[in-house]
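Encoded as structure tokens, the structure appears first; notes follow it.
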Amino acid sequence: MKAFVRGLIARANLEMPKIHRKWAWKETAGFGGVTSPPPPPPEKGLENLTVADVLLTKDTDDGGGKVDTLISCRTNDTVFDAVKNMAKHNIGSLVVLRPGDQQCIAGIVTERDYMKKIIGAGRSSKITKVGEVMTDESKLISVSSGTNIIKAMQLMSENHIRHVPVIDGKIVGMISMVDVVRAVVDHQNGELRRLNQFIKGDYY
């Protein structure tokens, strides 16, 4: 997975400056003075694709990206309940909020925390509180909604993490490495489809 992500980052960085050039078009006259129509305009390039775009996709796909549908837990919840919540929603992490405050992030708890700090340490998940095993907010690596997705991918890869909260002064969502990789791959597939349509279209 790490090698795949590194390759994807390298490829994306290589292609980012070229995205608009491959759609360059110059009006020319064809047979009988007919001017060929321009190709369809390109969609947003990778250099302009941000975490906000990923959150919109998550919100559409599974309702788990934006803060109004963010799946979370509290510092005083048990680890057992937090892990059940992860399993129920098929996710690998939860944003941890402070009791009584819907948007004040206290930290993040992941399935890795459960394996290392509960199972590995021989502790009981039914009596251990999330606040005891989570990564505290002061140590969190985060992104903003305006962060470029390639930068977000690099940040996660370099720090060996798979989930990052999205914070714009307050918590606005959560993204994972899978979300970002999917967004890059979907974008590149879309570029290939548009190129294919251009090649097969009625252009001179």
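FRET efficiency for residue 90 and residue 151, Cβ-Cβ distance as r, R0 = 30 Å, nearest 0.05? Present the calculation step by step, with values, prior to reporting the outcome.
Numbers: r = 27 Å, r/R0 = 0.90.
Efficiency for this residue pair is about 0.65.
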> Any idea of the accessible area per residue across the range 110-159, 1.4 Å probe, to the nearest Å²?
Replying inline: 56 Å²
>> Could you work out how much longer the chain between residue 200 and residue 127 gets when fully extended? Use 0.36 nm per residue separation minus the Cα distance between them, nm to one decimal.
In response: 20.0 nm
> Which percent of the accessible heavy-atom area of the range 86-189 goes to carbon and sulfur, probe 1.4 angstrom?
Replying inline: 50 percent
>> Give me the percent relative contact order of the range 100-204, please, defined on Cα pairs under 8 angstrom at least 6 residues apart.
In response: 23 percent
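The values are calculated or read from the model by the stated rules, or taken from the named source; none is laboratory data. Note that the structure is predicted; figures quoted are calculated from it, not measured. Virtual Cβ from ideal backbone geometry, glycine too; neighbours counted across all protein chains shown. Remember, those area values only see protein heavy atoms, side chains included, never the ligands or the DNA or RNA. Shrake-Rupley method; radii C 1.70, N 1.55, O 1.52, S 1.80 Å.
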